Amino acid sequence: MNNRVVITGLGIWSCLGKNLEEVKHSLYTGKSGIGMDMERKAWGYRSGLTGIVEAPQLKGLLDRRARVGLSEEAEYAYMATIEAMKNAKMEMDWVEKNEVGILYGNDSSAKAVSEAIDTIRAKKDTTLLGSGSIFQSMNCTVTMNLSTIFKLKGINFTISAACASGSHSIGLGYLMIKWGLQKHVICGGAQEVNPFAFGSFDGLSAFSIRENDPTKASRPFDRDRDGLVPSGGAATVILEDYESAVKRGAPILAEVIGYGFSSNGDHISNSNVDGQVRSLHMALNGAGVKAADIDYINAHATSTPGGDRTEAQAIDMVFGESKPLVSSTKSMTGHECWMAGASEIVYSMLMMQNNFVAPNINFENPDEASAKLNIAAKTTEKNIDMFLSNSFGFGGTNSSLIVKKIK
């Protein structure tokens, strides 16, 4: 089967804002969501930089039984999902009567696991963990909780693929619907933002130490970048079969037309040009479009020296002749890790809907590789008919998604 797959709902909870409108404003104005967390310095972190994500207030929205099972990242995902479902006009009575699935990207629940272990070590009594601990600490905490809260009856599992998790969740949702296995799938990605989650990253000296000016620290593609800035939150993208969406009167925002994926088969943490190029070509071939048809690329670029260079080389190899506008929204958000592949679809969708390309802030001096790209250093008014979003992760997992405007 070859069903058309459309986006009918978007939701976001990030350091750029707690809803689509706030995030759109931040993207357009180039407003950074990065700040300092002094608790990390007290813990011995090399870098205290982080995306500043507000904690949701769920009391009054959910009963206690539902709240106690939610991990930090699942709370973010709940907020993003209720916004997306509202925008998609998915009412609870309709959801309960139809088969709606969930595929969400998540690759850690470090805070819940660490706090549980600390309690056991201190108290020597596992019964003090409480009934919600197990549901917070499992890696499938988001899909487990949201499928229960929203009474979802379709496909239900978590995609764990490092920093490509959120992107692969949308890609797999796309395939499920395209092949006729599902008609409605809630997709997305979530990332916890706490010191438990990022200590090992910091220990690798992966983070920027440009602490004197946090908003200048994340510098994708810039010659003077010195590392990424950790961040997080959650983003939800609702995918549906086109005919089913039309039948239920859903708003049709865009169409997913291509999903490319590959594995580098190489170094566990270093990126690879060949693997990324294969992912890009697979997305283009699957979509049946040419490189010149892409108006904008939301780059994975995290502000690491090697990673940005590799992606710039891969983009140039595939898009060197057409030179579409390129920017990395991580310049404003930092690296949202397991969430990033989904949030960057939301960010790009907001650009498409409002005819602009968000700036790659802090891009002042290109290096040899990035000088070959058409990087949007400032907000650019632009009609976007088709965009591509890259996500690459540890272990060499690559994902590329192509989304087309509905006309």
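When the range 209-244 is filtered for residues that are over 21 Å from the mean Cα position of the chain (by Cα) and assigned to a loop (DSSP other than H, G, I, E, B), the ones remaining, listed by number, are ILE209, ARG210, GLU211, ASN212, ASP213, ARG223, ASP224, ARG225, ASP226. Being modelled with pLDDT of 95 or more, under 24 Å from VAL193 (Cβ atoms), outside the structural domain of VAL346 (by TED's automatic domain parsing) and among the hydrophobic types (A, V, I, L, M, F, W, C) is the requirement here; does ILE120 meet it? For ILE120, the condition - modelled with pLDDT of 95 or more, under 24 Å from VAL193 (Cβ atoms), outside the structural domain of VAL346 (by TED's automatic domain parsing) and among the hydrophobic types (A, V, I, L, M, F, W, C) - is not met.
Residues that are touching a Gly at 6+ places or on another chain (Cβ under 7 Å) and either part of a strand (DSSP E or B) or basic (Lys, Arg) (or both) within the range 390-407 comprise SER391, ASN398, SER399, SER400, LEU401, ILE402, listed in sequence order.
Residues of the range 371-406 that are over 22 Å from GLY260 (Cβ atoms) and polar (S, T, N, Q): THR379, THR380, ASN383. Of the residues making up the range 337-375, those that are under 27 Å from GLU83 (Cβ atoms), of a type in the set (A, V, I, L, M, F, W, C) and not in a helix (DSSP H, G or I) are PHE356, VAL357, ALA358, ILE361.
Only residues that are closer than 22 Å to LEU16 by Cα and either in contact (Cβ under 8 Å) with a residue 60 or more places away in the chain or surrounded by 13 or more Cβ atoms within 10 Å (Cβ to Cβ) (or both) were counted in the range 51-87, giving 23.
One residue alone among LEU280, LEU284 is under 23 Å from the mean Cα position of the chain (by Cα), in contact (Cβ under 8 Å) with a residue 60 or more places away in the chain, surrounded by fewer than 23 Cβ atoms within 10 Å (Cβ to Cβ) and in a helix (DSSP H, G or I), and that residue is LEU284. Total residues in the range 119-146 satisfying the condition of being of a type in the set (D, E, K, R) and in a helix (DSSP H, G or I): the figure is 2.
Within the set ASP293, ASP274, ASP241, the sole residue that is of a type in the set (D, E, K, R) and either crowded, with 21+ Cβ neighbours inside 10 Å or touching a helix residue (DSSP H, G or I) at 6+ places or on another chain (Cβ under 6 Å) (or both) turns out to be ASP241.
Within the range 344-365, the residues that satisfy the criterion of being farther than 11 Å from ASN298 by Cα and not hydrophobic (A, V, I, L, M, F, W, C) are GLN353, ASN354, ASN355, ASN362, GLU364, ASN365.
Quickly run through the range 62-75 and pick out the residues that are of a type outside the set (S, T, N, Q) and touching an Asp or Glu at 6+ places or on another chain (Cβ under 8 Å). Spell out the reasoning first.
Within the range 62-75, the subset of a type outside the set (S, T, N, Q) is 62-70, 72-75.
Residues satisfying the conditions are GLU72, GLU73.
For the range 352-375, filtered to residues that are touching a Lys or Arg at 6+ places or on another chain (Cβ under 8 Å) and aliphatic (A, V, I, L, M), the residue that is farthest from ASN270 (Cα to Cα) is MET352. Determine, yes or no, whether PHE201 is surrounded by fewer than 21 Cβ atoms within 10 Å (Cβ to Cβ), at negative phi and under 19 Å from the mean Cα position of the chain (by Cα). For PHE201, the condition - surrounded by fewer than 21 Cβ atoms within 10 Å (Cβ to Cβ), at negative phi and under 19 Å from the mean Cα position of the chain (by Cα) - is met.
The values are calculated or read from the model by the stated rules, or taken from the named source; none is laboratory data. Just so you know, these numbers come straight off a predicted model, no measurement behind them. Backbone-built Cβ (ideal geometry, glycine too); neighbour counts: all protein chains shown.
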